[in-house]
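A short reminder: the numbers here are calculations on the coordinates, not readings from a lab. Everything quoted here is computed from the prediction, not taken from an experiment. Methodologically, a virtual Cβ is constructed for each residue, glycine included, from the backbone with ideal geometry; neighbour enumeration extends over all protein chains shown.
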Amino acid sequence: MALWMGWRMQHILLESHRQRTTLVADRFREDVAHYTTMMPTDEAMQKVINHRTSGDLAIWIKTTDGGLAAQSETLNMGSWQQAGITPVLMDNAITSGLSIVPIADWHLVVCAQKLNLAPWPDSTLYIAADITAEYRSMEKLLRTLLFTTLLIVTLMAIAVAIYIRQALQPIRQLNRNASAVTADTLAQHHLDATPAPQELQELVRTYNLMLRRLSTAWEQQKRFVNDLSHELRTPLSVVQGYLDSTLRRGQNLTLPQREGLEVAATETNRTIRLLEQLLQLARLDSGQLPLTMAAVDLETLAREAISMAEADYLETLSTPSRIRLQPAESPIVVKADEEKLCTVLIELLDNSLRYSTPGSPIYVQLSQQQGWAMVHVKDEGAGIPLGCQPHLFDPFYRTDANRSRSKGGTGLGLTLVRSIVEAMGGEVSLQSVPGQGSVFTIRLPL
């Protein structure tokens, strides 16, 4: 629009001077025809030129052979001479018609028309009008128009960007909520659809409804697992008691009967352990498992956990001790539940003892860093495949190679480890390279 207006203004300026010069040329012929009745043609022509010219308008006549027949005194003015306007106008061959001629820092509208006045020979009438002031005013107006246009476009772009940003804010919040939502925080991530555009309000309402349904389903699932674990644990404990009692007093049992009862007792014990872990997970998720947080000396706790883990392992396999404790230079005291933390360390040590290379050492390293206590449990086993590592803490997840039922695991040990550590305000992580072993790291606040 600004470019079109600039072109239109220049066209209007040129058209107005075209009409002016055309009017001067027409009047020039009439005036010369009138004065030739009273005086010679050349005198009449000069008289009309002197009458029609002004400080910003010059008139001159050239014959067909290029000779100067008459001219106005304007061409001899000092300003026209010093600026070099007159020599340029006289020396250049100006075509018929109307055009804007820039000379130095001047701008002139020059009109050339054939002049047929009998008995005067054929000649050309030239009219030059100084439009420098008008041209500069037009350029100034165009610059102002261009600046105003750019300013308006910029302000409109900013306004549109702000509007679009505000309109998309619910989508950004929806994206942030969707990326931050977890199974335990489903009921906490809801959007307010009021400031959203009408087109997005339905999406926001559907999103909130989906979260409410998922939260309800998750609560029902946790309650089901909790109730089921609690209801099954008691009868299985009774079954285990009868099996153990029968085995202790079954001197008259045949060998196949004893083997069958031992397998049943082992599987019952394993099932009870699985139910206990499920019950602990359910209570941790629902916040019903109380934690007794207190100051715990990490080295003392680590030695106790190593002793308990080694006792179970040595009793089962009758092999030498493999666990090496590497204490910190100074005592480390953490804020944790001593019993639950001991369970976590025993589970990690039992995991390393089960799945590492037989006879290879297992290292428990204690350290502290930036307000955190670090417990590293490192083995030299076969390691864990990279594709399995992100899912290792998921419930019932086992790798195909070494986390099978034949090892005696339930598939919930590492899940329980992560839940207990996170409940105490800590973190648990894994670093493993296939063929070079694994390192489980526990971070707890000092």
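Rounded to the nearest 0.05, what FRET efficiency is calculated for Arg52 and Asp91 with R0 set to 25 Å and r the Cβ-Cβ distance?
On the way: r = 24 Å, r/R0 = 0.94.
After rounding, the FRET efficiency stands at 0.60.
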| field | In range of the label at Gln257: residues from region 231-251 whose backbone nitrogen is under 20 Å from the point 7 Å along Cα→Cβ | value | 239-251
| Residues Cys342, Cys111 arranged by fewest to most Cβ contacts within 10 Å | Cys342, Cys111
| request: Please report the Cα spread of region 198-286 along all three principal axes, rounded to whole Å, starting with the longest. | output: 81, 20, 15
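Could you list Asp56, Asp105 so that the one with the fewest beta carbons within 10 Å of its beta carbon is first and the one with the most is last? Don't skip to the end; give the middle numbers.
Numbers: Asp56 16, Asp105 8.
By the 10 Å Cβ count, ascending: Asp105, Asp56.
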| request: Quick one: check the C-alpha center-to-center distance for region 1-18 versus region 22-51, whole angstrom. | output: 32 Å
| task | Grab the Cα-Cα distance for Trp4 and Lys335, subtract it from 0.36 nm times how many residues apart they are, and report the gain in nm with one decimal. | result | 111.6 nm
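Assuming 0.36 nm per residue, please report the length gained on full extension of the stretch Ala83 to Leu209 beyond their Cα-Cα distance.
Values: separation 126, 0.36 × 126 = 45.36 nm, distance 8.24 nm.
Taking Ala83 through Leu209 to full extension adds about 37.1 nm, to one decimal.
Please return the longest range in the chain lying between exposed loop sites, taking chymotrypsin sites (Phe, Trp or Tyr not before Pro), DSSP loop only, at most 16 other beta-carbon atoms within 10 Å, and leaving the sites out. Mind dumping the intermediate values first?
Details: sites that count: Phe396, Tyr397.
It works out to 1-395.
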| request: Would you list which lysines come within 21 Å of Lys378, measuring only between C-alpha atoms, while excluding same-chain residues fewer than 8 positions from it? | output: Lys340, Lys407
| Structure-derived Rg/Rh (Cα atoms, Kirkwood Rh) - corresponding label in (i) 1.01; (ii) 1.04; (iii) 1.57 | (iii)
| message | Using only Cα atoms and rounding to the nearest 10 degrees, what angle (0 to 90) does helix 41-52 make with the longest principal axis of the chain? | response | 40 degrees
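Using Cβ counts within 10 Å as a stand-in for footprinting exposure, how do Met45, Met38, Met308 rank, fewest first?
Details: Met45 25, Met38 9, Met308 16.
The fewest-first ordering by Cβ neighbours comes to Met38, Met308, Met45.
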| task | Note the angle between two axes, namely the Cα long axis of helix 2-35 and the longest principal axis of the Cα atoms of the chain, as a number of degrees from 0 to 90, rounded to the nearest 10. | result | 0 degrees
| message | What aspartates and glutamates does Lys140 reach when the alpha-carbon gap must be under 20 Å and sequence neighbours fewer than 8 apart in one chain are set aside? | response | Glu15, Asp105, Asp130
| query | If you take the Cα atoms of region 2-140, find Rg, then find the Kirkwood Rh from the mean of 1/r over all pairs, what is Rg/Rh? | reply | 0.99
